[in-house]
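The values are calculated or read from the model by the stated rules, or taken from the named source; none is laboratory data. Keep in mind it's a predicted model, so treat the numbers as computed, not measured. Cβ atoms come from the backbone with ideal geometry, glycine included; neighbour counts cover every protein chain shown.
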């Protein structure tokens with residue numbers, strides 16, 4: 001749903017720098033890259049990757065130029081998934097920058113920054129912003145640039161070696177390729193684990209796939225593909241492949257905050273860190289000693305995970321991106337920690353868990369506590385107006401009664417991130433303006449998927465009327 005337009009001026013936040021391509025000038029890219037180099041550790045080398053947007057090659061060249069101009073070494077990985085780049089940089093003890101706008105439209109793009117330890121945190125973000133106002137000195141000598149394709153091999157090996165060639169034997173899996181940076185390595189890994197892969201809908205132009213907000217027409221297409229090709233499951237990712245997508249044999253999507261608990265249980269995690277927007281079924285599963293709730297955004301999940309370092313801690317977001325904070329054990333070998341959102345692990349682990357239990361995907365999911373979530377967004381809404389609306393509702397029960405008047409009495413309010421209201425019938429509605437895009441998001445939770453979807457639809461309709 002789109003109710004108004006808004007230029008997306010470049011903004012720096014929890015997903016790095018994002019903005020309209022026409023405003024991501026070489027000088028702006030240089031400024032942020034040099035600021036990152038000035039205040040964040042990098043060991044003299046920065047690994048650079050990109051997604052498949054038409055604007056990404058030129059922006060990657062601008063990043064690399066800024067790195068070499070500063071006298072440092074740039075390693076050009078070309079197109080690859082964000083977690084593959086982060087894995088390569090962490091293994092080398094070096095930094096990384098990936099050019100990607102993730103799931104947002106093709107006329108937008110951005111940069112994500114990684115230190116040798118993983119994604120930048122809030123303190124790094126503040127330091128980078130402060131450094132953007134400095135004048136940068138020219139290096140005495142220019143740095144170097146080299147190209148490599150080794151990161152994709154190492155990323156694939158991470159799963160092939162841990163799960164083994166029989167983990168998915170007998171499964172027929174569709175890969176919705178679109179313009180995902182993982183479309184080739186995803187198919188390669190699934191085949192290497194024994195699955196028969198059907199590649200579907202490869203695109204030469206960029207398609208903004210948001211795994212949290214898949215439209216009804218696309219969901220219907222998933223169901224047709226599953227039936228037409230006799231699939232046991234259909235998988236995909238967002239544009240830069242840090243968010244997974246998995247459906248059952250009927251094409252029904254498994255939400256990201258269900259993939260997360262399934263993956264964590266398979267890996268025998270004990271402590272879970274996840275945003276307040278995630279499904280509460282994880283609390284009812286009984287598999288984990290602690291569930292810690294955070295604000296929405298991987299930096300907040302990572303910060304919570306770091307506080308529990310030394311435990312078997314894992315994190316995930318409602319979009320399905322999974323973070324591993326300990327050395328887990330796969331069927332054939334260890335899986336090293338990766339403190340950034342990954343798409344492959346929360347695809348492979350549930351599939352392997354279902355196969356090992358003699359179940360299909362639907363059967364594995366149906367054994368979980370009966371709590372269901374839904375999410376959608378209003379695109380093109382001014383961030384300031386969205387924030388003001390949520391602030392008004394957060395101010396008191398009377399304001400909320402005026403908006404939620406048709407719902408049962410509220411039983412609780414959580415202001416950790418946006419407004420999350422629980423009602424006496426067990427339903428939950430969470431309103432949250434996006435921090436990095438002109439979007440207004442709504443999450444809902446109920447005891448049936450239909451009820452959750454209805455809550456999201458009706459709530460966003462009411463929001464649109466309020467903000468029209």
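Which one of the conditions (1) without any contact (Cβ under 8 Å) to a residue 40 or more places away in the chain; (2) crowded, with 20+ Cβ neighbours inside 10 Å does residue 309 fail to meet, given that it meets all the rest?
The failed condition is (2).
Tell me, which strands (runs of 3 or more DSSP E) wholly within the stretch 1-73 include 3 or more residues that are modelled with pLDDT of 95 or more? Before you say what the answer is, go through the steps one by one.
On the way: elements: 11-13, 16-20, 45-50.
Correct list: 45-50.
Output yes when any residue across the stretch 444-451 is within 23 Å of residue 369 (Cα to Cα), at pLDDT below 95, assigned to a helix (DSSP H, G or I) and not assigned by TED's automatic domain parsing to the domain that holds residue 256, and no when none is.
Yes - at least one qualifying residue is present in the stretch 444-451.
Quick one: what pairs do we get from the stretch 194-206, first residue in the same structural domain as residue 167 (by TED's automatic domain parsing) and in contact (Cβ under 8 Å) with a residue 12 or more places away in the chain, second in a loop (DSSP other than H, G, I, E, B) and surrounded by 16 or more Cβ atoms within 10 Å (Cβ to Cβ), C-beta under 6 Å, 6+ apart or different chains?
Once the first residue is in the same structural domain as residue 167 (by TED's automatic domain parsing) and in contact (Cβ under 8 Å) with a residue 12 or more places away in the chain and sits in the stretch 194-206, its partners that are in a loop (DSSP other than H, G, I, E, B) and surrounded by 16 or more Cβ atoms within 10 Å (Cβ to Cβ) give 194/168; 195/168; 195/171; 203/179; 206/52; 206/53; 206/106; 206/179.
Going by the conditions given, is residue 270 without any contact (Cβ under 8 Å) to a residue 40 or more places away in the chain and farther than 28 Å from residue 173 by Cα? Explain how you work it out, then say what you get.
Working: without any contact (Cβ under 8 Å) to a residue 40 or more places away in the chain: no; farther than 28 Å from residue 173 by Cα: yes.
When the stated conditions are applied, residue 270 does not pass them.
Are there strands (runs of 3 or more DSSP E) fully within the stretch 133-216 with at least 3 residues that are under 24 Å from the mean Cα position of the chain (by Cα) and surrounded by 13 or more Cβ atoms within 10 Å (Cβ to Cβ)? List them.
In the stretch 133-216, the matching strands (runs of 3 or more DSSP E) lie at 172-178, 196-202.
Looking at the stretch 228-237, can you tell me whether even one residue there is surrounded by fewer than 19 Cβ atoms within 10 Å (Cβ to Cβ), touching a strand residue (DSSP E or B) at 6+ places or on another chain (Cβ under 7 Å), modelled with pLDDT of 95 or more and part of a helix (DSSP H, G or I)?
yes
Does residue 360 fit the bill of being in contact (Cβ under 8 Å) with a residue 12 or more places away in the chain, under 30 Å from residue 263 (Cβ atoms) and over 21 Å from the mean Cα position of the chain (by Cα)?
The answer is yes for residue 360.
In this structure, is residue 127 out of contact with any strand residue (DSSP E or B) (no Cβ under 9 Å at 6 or more places or on another chain), surrounded by fewer than 19 Cβ atoms within 10 Å (Cβ to Cβ) and not in a loop (DSSP other than H, G, I, E, B)?
Working: out of contact with any strand residue (DSSP E or B) (no Cβ under 9 Å at 6 or more places or on another chain): yes; surrounded by fewer than 19 Cβ atoms within 10 Å (Cβ to Cβ): yes; not in a loop (DSSP other than H, G, I, E, B): yes.
Taking the combined requirement at face value, the residue satisfies it.
For the stretch 251-275, give me the residue count where each residue is in a loop (DSSP other than H, G, I, E, B) and modelled with pLDDT of 95 or more.
Number of matching residues: 7.
Return the residues of the stretch 267-306 that are buried (at least 24 other Cβ atoms within 10 Å of the Cβ) and over 24 Å from residue 430 (Cα atoms); say none if nothing qualifies.
The answer is 269, and nothing else.
Where residues in the stretch 95-114 are surrounded by fewer than 22 Cβ atoms within 10 Å (Cβ to Cβ) and in contact with a strand residue (DSSP E or B) (Cβ under 9 Å, 6 or more places away or on another chain), which of them is farthest from residue 434 (Cα to Cα)?
Top of the filtered list is 107.
Of the residues 434, 411, which single one is free of Cβ contacts under 8 Å to residues at least 40 places away in the same chain, in contact with a strand residue (DSSP E or B) (Cβ under 7 Å, 6 or more places away or on another chain) and either assigned by TED's automatic domain parsing to the domain that holds residue 294 or closer than 20 Å to residue 278 by Cβ (or both)?
411
Would you be able to say whether some residue in the stretch 288-298 is modelled with pLDDT under 95, over 26 Å from residue 358 (Cα atoms) and not in a loop (DSSP other than H, G, I, E, B)?
Initially, the stretch 288-298 is screened for residues modelled with pLDDT under 95, giving 295-298.
Restricting the remaining residues to those that are over 26 Å from residue 358 (Cα atoms) gives 295-298.
Retained after the next criterion (residues that are not in a loop (DSSP other than H, G, I, E, B)): 298.
Scanning the stretch 288-298, I find at least one residue that is modelled with pLDDT under 95, over 26 Å from residue 358 (Cα atoms) and not in a loop (DSSP other than H, G, I, E, B), so the answer is yes.
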